[in-house]
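The values are calculated or read from the model by the stated rules, or taken from the named source; none is laboratory data. Fair warning: this is a prediction, and the values are worked out from it, not measured in the lab. Don't worry about glycine lacking a Cβ; one is built from the backbone with ideal geometry, like all the others, and counts go over all protein chains shown.
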Amino acid sequence: MMPKDELSSFQPVPGHPELIQLNFREGEPLKVPLHVYVELDCKVGMQISESFYAQLQVEAEKAQAKERVLRSLSRRALTVRDVTTLLRKQEVSEAVRDGVIEDFLAKGLLDDRKYAEMFVAGKARRLSRTEIVWRLSQRGVSKDVAQEAVRDEHSQEKEFEAAFSLAKKHWKRHEGEESSLRFRKLGAYLQRRGFSMEVIQLVFNRLSGEIS
């Protein structure tokens, strides 16, 4: 890039009315948000300094990064860690990455609390509270946020029903074995799934009543 360049023309970006492509005599074309074009008072024929071109490059990188995140969000919900990982893999600069995340947080398009609530609602019928918190932590949701979502969305009654549903399936898989052995295996299985001894005992009581 020469110290001075010139904005030679601009054109719309097909399928992206919010973007405009800027063409230069020397530099590579850049696709920037239309509002940036207006705010920076860009005009065909204007002289472009190296620093101004660098500023436009940052805006173009930011627009491209936002588009990638929006495409991913259209397929599934994401946590802040998910977006950070996505943009790192795309080799987006740290400054742009942080700016994009801040923008999405401000607009409510990224919200770990809402993500946790949806996750709990979807998993409450088959996971313990402990396992849900652990799985959320693996997705980058803070322990406090995960625990709060579990308290609000996953009642003790729901946890018991989840444990009992798993217990019935486990019990059936071990059909033909001695009852005492089946109960020992079941208890160990439910413990591994994160259920407390209190919940496990309630499951045993109900299961015993059904099979007696």
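Residues in region 138-182 that are without any contact (Cβ under 8 Å) to a residue 24 or more places away in the chain, in a loop (DSSP other than H, G, I, E, B) and either of a type in the set (D, E, K, R) or crowded, with 17+ Cβ neighbours inside 10 Å (or both): E175, E177, E178. The number of residues in region 184-212 that are within 14 Å of F164 (Cβ to Cβ) and part of a helix (DSSP H, G or I) comes to 18.
Please state which one of A188, A146, A167 is farther than 30 Å from T84 by Cβ, of a type in the set (G, A, S) and either touching a Leu at 6+ places or on another chain (Cβ under 9 Å) or in the same structural domain as L78 (by TED's automatic domain parsing) (or both). Spell out how you get there, then give the answer.
On the way: A188 fails: either touching a Leu at 6+ places or on another chain (Cβ under 9 Å) or in the same structural domain as L78 (by TED's automatic domain parsing) (or both); A146 fails: farther than 30 Å from T84 by Cβ.
Only one candidate passes the filter, namely A167.
When A121 is tested against (1) in a helix (DSSP H, G or I); (2) out of contact with any Gly (no Cβ under 7 Å at 6 or more places or on another chain); (3) modelled with pLDDT of 90 or more, just one condition goes unmet, and that condition is (3).
To keep it simple, each residue is scored yes or no on (1) out of contact with any helix residue (DSSP H, G or I) (no Cβ under 8 Å at 6 or more places or on another chain); (2) outside the structural domain of Q191 (by TED's automatic domain parsing); (3) touching a residue at least 40 places away in the same chain (Cβ under 8 Å).
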| site | (1), (2), (3) |
| --- | --- |
| E91 | yes, yes, no |
| E94 | yes, yes, no |
| R97 | no, yes, no |
| I101 | no, yes, no |
| M118 | yes, yes, yes |
| A121 | no, yes, no |
| R125 | no, yes, yes |
| T130 | yes, yes, yes |
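Here is the figure for region 190-200: residues that are buried (at least 18 other Cβ atoms within 10 Å of the Cβ) and more than 12 Å from T130 (Cβ to Cβ) total 1.
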